[in-house]
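Since the structure comes first, as structure tokens, the remarks are kept for the end.
The values are calculated or read from the model by the stated rules, or taken from the named source; none is laboratory data. From a predicted model like this one, the values you see are computed outputs, not experimental measurements. Counting neighbours? That spans all protein chains shown, and the Cβs are built from the backbone with ideal geometry, glycine included.
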Amino acid sequence: MYIMEIATSPELVSNVYLKLKENVVKFRSVIGRPLTLTEKILSGHFNEINEQNFSGGKDYVFLKPDRVALQDVTGQMVMLQFMQAELKQTSLPTTVHCDHLIRAEVQGDVDMKVSLDENSEVFKFLQSACAKYGCGFWKPGAGIIHQVVLENYAFPGGLMIGTDSHTPNAGGLGMIAIGVGGLDAAETMAGLPWELLYPKRIGIKLTGKLDGWTAPKDIILKVAEELTVSGGTNAIVEYFGPGTKSISCTGKATITNMGAEIGATCSIFPYDERMETYLKYTDRKEIAELANQNKELLVADPEVESNPEKFFDKIIEINLSTLEPHIAGPHTPDLVRSISELADDVSSNDYVDQISVALIGSCTNSSYEDMSRAASLAEQAKSKGIKSKIPLLVTPGSEQIRGTIERDGQMDSLKDIGATVLANACGPCIGQWNRPELEKNEKNSIITTFNRNFPGRNDGQRTTLNFIGSPEMIIALALGGRLSFNPMKDYLTASDGSKFKLEPPKIAAEVPEDGFMIPDGIFVAPPIDSNNVEVIIDPNSKRLQRLEPFTKWSGDDFIELPIMVKAKGKCTTDHISPAGAWLSLRGHLDNLSDNMLLGAVNAFNDEVGNGKNILNNLIEPFSKIARQYKQQKLNWVIVGDDNYGEGSSREHAAMTPRYLGCVAVITKSLARIHETNLKKQGVLALTFNEPNDYEKIRENDKISLIDLDNLKPEKQVTCVITHNDGNKEEILLNHSYNKLQIEWFRQGSALNVLSNKK
């Protein structure tokens, strides 16, 4: 029996570079010009190269990724779908990382013990599925998927997909790494080429050098301010320019991680000495040597940097030498201002100035460099006899990071000013955070180094205001205790009553001088023989449920269907399928469906999570209504606003509506991953040809979608709105379906198509 090599071996990397070298020459010849780094890596992973000059945002390409990464929440559905298709073994290196189902309530060891007990059923299922299908399994406590991938698997010039929207973290090591839905992963694991809408290219030119208080986090916050949460949709963001060389590999990863917050397909940096250093210090010297030998493949052609306007669809230039520290929030990562402007914003917007909790770490900002710079501020505070004015929570990104900062003293420095160290997991970033001290709907402000700050995301309280900044800035604000505190000009009071101003954090080593602490016993490789391995699912489980295929399209038009919700404003996947307490049900589609649209604001009544049930005219929770409609075999539609489905890659936001009877989602615009997830699950993903047609939709209207038998690429869909008074309006809807995707709709899901091919 063939056993899949899980590690990113020098042999794997060497083969990737050989393919890159061959395909780059071919693709350069096809399009007749120099190539960006993005184009080089994508072309190096084309399933085949034809004589086509791809148009960004319009054409689809088929790619062969080098590996797949799954986390414990989304990974459940991937494995369940893999099983439903009766597939035998993964065809490329795949790992599962247990990072989402771990509490953040007391401290690391206590929370871990409780979480292991609470989630043992899921962890046993995932470990057994990994053993059965040839995947590597990272145990709970090993760390957050993105940090563990960066430490072990990412490499310059590679292509990876992962079932988490922050998979692009690996772009900090020069890898194209893209967040996808679970079915994308299952198909790729099965050996099928992966389909991607060929991305547009956004170039970010960095000049100057970071200094003083400014950190890599401030670069991506500035980019988010410029592009907004949807400005990167269907684009790869490529950083270039002399400023890139001044940023550590893990600093680059912070930037590419948060590229998800602008809707980008992914973000990437060119290979340089900082990446080489990180590879060597994470025990990948041979891969660093291979990258050095093939450097011309891992950077853009020289002409690109000389004349970027010829090669990118959009260019933004940022001078790092003049960049100020920035703070984003609340409620959206693109509401950004400099620290010098924050106090005025707090006052003018009536934000709660007193900070309730400060949180640093997570997959976005828990590197050795991050923790060292944060610790240098903590040491200043200790020398003055003061501590954090508010609770300070620290989340190491991995056991490797936790062990290393414990050995080298940074953890003690943070504890000395009052920090509590949580488990190596996502924790508060994704809602695994209980705050009994808060009253329900109590307005409060928190400060974090996380990547997302949507209402209700962190603690389930929509009234919590999350402001995002760099680790050093969050520590400084924790010492000041107020949002309006500006460490660059304001003074603190020492224990002896004297006034002092914080000095900028010390320049920190990007890697530890003595190397990283390498943990033992946190990884389980698949067995040589998996024939006798049984995947563990209790048939009576309330958390795991074997999947049943979705029904095929009947062939009939959808006639006069009710509208479940007209979503108003931001409607992210957190709003459509909330995390927090619901994370425990991600492997049980029926039970999870009770959270459908729980956070969506209904434009018809401004209520959250409730709409009108046409069967009884009562205002009820959306899931309750949908279950009644399902009993009556009544399908329905969702109407959405701009960038509907922004945020997480969770395909559950498409699966739960589909399970309860949704046949179409009609919006002003769709976020990339969610659009794909809807298509994969057999839901029509449509957008208004005229965005203002959104305003025509009324609460008691019925929606008809006509001539679906003639659904074709680039052919608009006719929609008839039947108003309550009997009047009708006809509008046009757009879609981005290709022929293969239309077959997903016809067959009921992409999984049904895959099952028929096996």
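Values as computed for the structure displayed
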| quantity | calculated |
| --- | --- |
| Pairs, first not assigned by TED's automatic domain parsing to the domain that holds HIS735 in the range 644-667, second at pLDDT 95 or above and not β-branched (Val, Ile, Thr), C-beta under 9 Å, six or more apart | none |
| The range 717-733 - residue that is of a type outside the set (A, V, I, L, M) and surrounded by 14 or more Cβ atoms within 10 Å (Cβ to Cβ) and, of those, nearest to ASP59 (Cα to Cα) | THR718 |
| Positions within the range 219-255 being buried (at least 23 other Cβ atoms within 10 Å of the Cβ) and either outside the structural domain of THR167 (by TED's automatic domain parsing) or of a type in the set (D, E, K, R) (or both), in sequence order | GLU238, LYS252 |
| Set SER372, SER362: member being buried (at least 19 other Cβ atoms within 10 Å of the Cβ), more than 22 Å from GLN461 (Cα to Cα) and not aliphatic (A, V, I, L, M) | SER372 |
| ALA328 being over 20 Å from VAL16 (Cα atoms) and surrounded by 14 or more Cβ atoms within 10 Å (Cβ to Cβ) | yes |
| Matching residues in the range 657-703 - criterion: being polar (S, T, N, Q) and either touching a strand residue (DSSP E or B) at 6+ places or on another chain (Cβ under 7 Å) or surrounded by fewer than 24 Cβ atoms within 10 Å (Cβ to Cβ) (or both) | THR667, SER669, THR687, ASN689, ASN692, ASN700 |
| Conditions (1) loosely packed, with under 14 Cβ neighbours inside 10 Å; (2) in a loop (DSSP other than H, G, I, E, B): number failed by PRO333 | (1) |
| Total residues in the range 468-522, condition among the acidic types (Asp, Glu), surrounded by 14 or more Cβ atoms within 10 Å (Cβ to Cβ) and either under 28 Å from the mean Cα position of the chain (by Cα) or not assigned by TED's automatic domain parsing to the domain that holds SER338 (or both) | 2 |
| All helices (runs of 4 or more DSSP H) inside the range 77-169 with 1 or more residues being surrounded by fewer than 24 Cβ atoms within 10 Å (Cβ to Cβ) and of a type in the set (Phe, Trp, Tyr) | 120-133 |
| Criterion (out of contact with any Phe, Trp or Tyr (no Cβ under 7 Å at 6 or more places or on another chain), farther than 30 Å from GLU303 by Cα and of a type in the set (Ser, Thr, Tyr)) met by exactly one of THR95, THR74, THR90 | THR74 |
| Check on LEU544, more than 25 Å from SER669 (Cβ to Cβ), outside the structural domain of VAL663 (by TED's automatic domain parsing) and aliphatic (A, V, I, L, M) | yes |
| Top-ranked residue of the range 58-75 - restricted to ones that are surrounded by fewer than 24 Cβ atoms within 10 Å (Cβ to Cβ) and in a strand (DSSP E or B), ranked as modelled with the lowest pLDDT | TYR60 |
| Subset of the range 278-304 [crowded, with 18+ Cβ neighbours inside 10 Å, within 16 Å of ILE41 (Cα to Cα) and not polar (S, T, N, Q)] | LEU290, ALA291, LEU297, LEU298, VAL299, ALA300, ASP301, VAL304 |
| Residue ranges of strands (runs of 3 or more DSSP E) in the range 619-675 with at least 1 members more than 23 Å from LEU732 (Cα to Cα) | 619-621 |
| Residue in the range 431-440 that is assigned to a loop (DSSP other than H, G, I, E, B) and either at pLDDT 95 or above or not assigned by TED's automatic domain parsing to the domain that holds ASN365 (or both) present | no |
| Candidate set from the range 523-537 (those that are loosely packed, with under 15 Cβ neighbours inside 10 Å and closer than 12 Å to SER128 by Cβ); member that is modelled with the highest pLDDT | GLU534 |
| Qualifying positions in the range 377-401 - assigned to a helix (DSSP H, G or I) and free of Cβ contacts under 8 Å to residues at least 60 places away in the same chain | GLU379, LYS382, SER383 |
| Checking ILE742 against (1) part of a helix (DSSP H, G or I); (2) in contact (Cβ under 8 Å) with a residue 40 or more places away in the chain, the condition it does not meet | (2) |
| Residue that is surrounded by the fewest Cβ atoms within 10 Å (Cβ to Cβ), among those in the range 420-457 that are among the polar types (S, T, N, Q) and over 23 Å from LEU377 (Cβ atoms) | ASN441 |
| Output for the range 401-419, where each listed residue is within 19 Å of ILE102 (Cα to Cα) and surrounded by fewer than 24 Cβ atoms within 10 Å (Cβ to Cβ) | GLY403 |
| Residue in the range 312-319 that is closer than 12 Å to LEU483 by Cβ and basic (Lys, Arg) present | no |
| Among the candidates ASN591, ASN605, ASN540, residue that is free of Cβ contacts under 8 Å to residues at least 12 places away in the same chain and either farther than 17 Å from ALA685 by Cα or not in a loop (DSSP other than H, G, I, E, B) (or both) | ASN540 |
| Cβ pairs under 7 Å, 6+ apart, first in the range 112-141 and over 22 Å from GLU5 (Cα atoms), second surrounded by fewer than 22 Cβ atoms within 10 Å (Cβ to Cβ) and polar (S, T, N, Q) | GLU121/SER541 |
| Residue within the range 25-40 that is closer than 18 Å to GLY179 by Cβ and surrounded by 16 or more Cβ atoms within 10 Å (Cβ to Cβ) present | yes |
| Condition met for GLY385 (surrounded by fewer than 20 Cβ atoms within 10 Å (Cβ to Cβ) and modelled with pLDDT of 95 or more) | yes |
| Candidate set from the range 609-634 (those that are in contact (Cβ under 8 Å) with a residue 60 or more places away in the chain and under 21 Å from LYS696 (Cα atoms)); member that is surrounded by the fewest Cβ atoms within 10 Å (Cβ to Cβ) | ILE614 |
| Single unsatisfied condition, LEU192 versus (1) touching a strand residue (DSSP E or B) at 6+ places or on another chain (Cβ under 8 Å); (2) assigned to a loop (DSSP other than H, G, I, E, B) | (1) |
| Qualifying positions in the range 538-575 - within 29 Å of GLY263 (Cβ to Cβ) and β-branched (Val, Ile, Thr) | ILE563, VAL565, THR572, THR573 |
| Top-ranked residue in the range 1-18 [being touching a strand residue (DSSP E or B) at 6+ places or on another chain (Cβ under 9 Å) and modelled with pLDDT of 95 or more; ranked as surrounded by the fewest Cβ atoms within 10 Å (Cβ to Cβ)] | ALA7 |
